[in-house]
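The values are calculated or read from the model by the stated rules, or taken from the named source; none is laboratory data. From a predicted model like this one, the values you see are computed outputs, not experimental measurements. When we count neighbours, we look across all protein chains shown, and the Cβ atoms used for this are built from the backbone with ideal geometry, even at glycine. Only protein heavy atoms, including side chains, enter the accessible area calculation; ligands, DNA and RNA are left aside. Shrake-Rupley method; radii C 1.70, N 1.55, O 1.52, S 1.80 Å.
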Amino acid sequence: QVQLVESGGGLVQAGAPLRLSCAASGRTSRNYGMGWFRQYPGKEREFVAAISQNGGMTSYADSVKGRFTISRDNARNTVYLQMNSLKHEDTAVYYCAATTFSGIISTMALYQYWGQGTQVTVSS
């Protein structure tokens, strides 16, 4: 079993950068595919970004492509989401997730482990 804890969220002005972190504990000796999702109030959770087990492949939602960067540091059991040029529309609760499936996974149902979420608020 793997436990995931997000951190780094907060209140920032539009155009500012922010970096989210997701620390994994438990059976971290196994490499997992990792993803970031976000959820607006009253809306379903949506895909943001994903990175493969070895970090060699990444995928992004069209709404964040070119602004967000997902990366991982397996030695520290941590995955990051660098968020640049933040917009008010990026305001949401951000979740990290882990999957044992190989490849780039953007489907929420294929992720077995989830963090508690961290709030990102971008003022306009």
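Per residue, how much accessible area does the chain show when a 1.4 Å probe rolls over the protein heavy atoms, in square angstrom?
Ligands and nucleic acids excluded, the result is 51 Å² per residue.
Using 0.36 nm times the number of residues separating residue 102 and residue 43, minus their current alpha carbon distance, what extension gain do you get?
18.4 nm
Heavy atoms only, probe 1.4 Å: what % of the accessible area of the chain goes to carbon and sulfur, would you let me know?
Summing carbon and sulfur atoms, their accessible area is 47 percent of the total for the chain.
What span do the alpha-carbon atoms of the chain cover on each of the three principal axes, reported in whole Å from largest to smallest?
That works out to 41, 27, 23 Å along the principal axes.
Scan around residue 19 for amide H atoms under 5 Å from its own, H built in the peptide plane at 1.01 Å from N, and keep only partners 5 or more places away or cross-chain.
When sequence neighbours closer than 5 places are left aside, the close amide H contacts are 83.
What Kirkwood hydrodynamic radius do you get for the stretch 54-124 when you take the inverse of the mean 1/r over all pairs of distinct Cα atoms, in Å?
13.6 Å
Largest first, what is the accessible-area ranking of 93, 79 with a 1.4 Å probe?
Largest accessible area first, the residues go 93, 79.
Tell me, what HN-Hα J-couplings in whole Hz come from the Karplus equation 6.51 cos²θ - 1.76 cosθ + 1.60 at θ = phi - 60° for each residue of the stretch 115-124, using x for Gly and Pro?
Going residue by residue, I get x, 7, x, 9, 7, 10, 10, 10, 7, 10 Hz, with x marking Gly and Pro.
Around residue 26, which amide H atoms from residues at least 5 apart in sequence, or from another chain, sit under 5 Å from its own amide H, with H modelled in the peptide plane?
When sequence neighbours closer than 5 places are left aside, the close amide H contacts are 3.
What is the gain in length, in nm to one decimal, between residue 75 and residue 124 on full extension, counting 0.36 nm per residue of separation less the C-alpha to C-alpha distance?
13.9 nm
Which value in Å does the Kirkwood hydrodynamic radius of the stretch 1-72 take, with 1/r averaged over all unlike C-alpha pairs and then inverted?
13.8 Å
Compute the separation of the alpha-carbon centres of the stretch 94-109 and the stretch 8-36 and state it in Å as a whole number.
Here the two parts' Cα centres lie 13 Å apart.
Give the residue list of GluC sites (Glu not before Pro) in the stretch 24-124 that are DSSP loop and have at most 13 other beta-carbon atoms within 10 angstrom.
44
Could you give the length gained on full extension between residue 88 and residue 23, defined as 0.36 nm per residue of separation minus the Cα-Cα distance, in nm?
20.8 nm
When only DSSP loop residues count, what chymotrypsin sites (Phe, Trp or Tyr not before Pro) in the stretch 1-102 have their Cβ near at most 14 other Cβ atoms within 10 Å?
101
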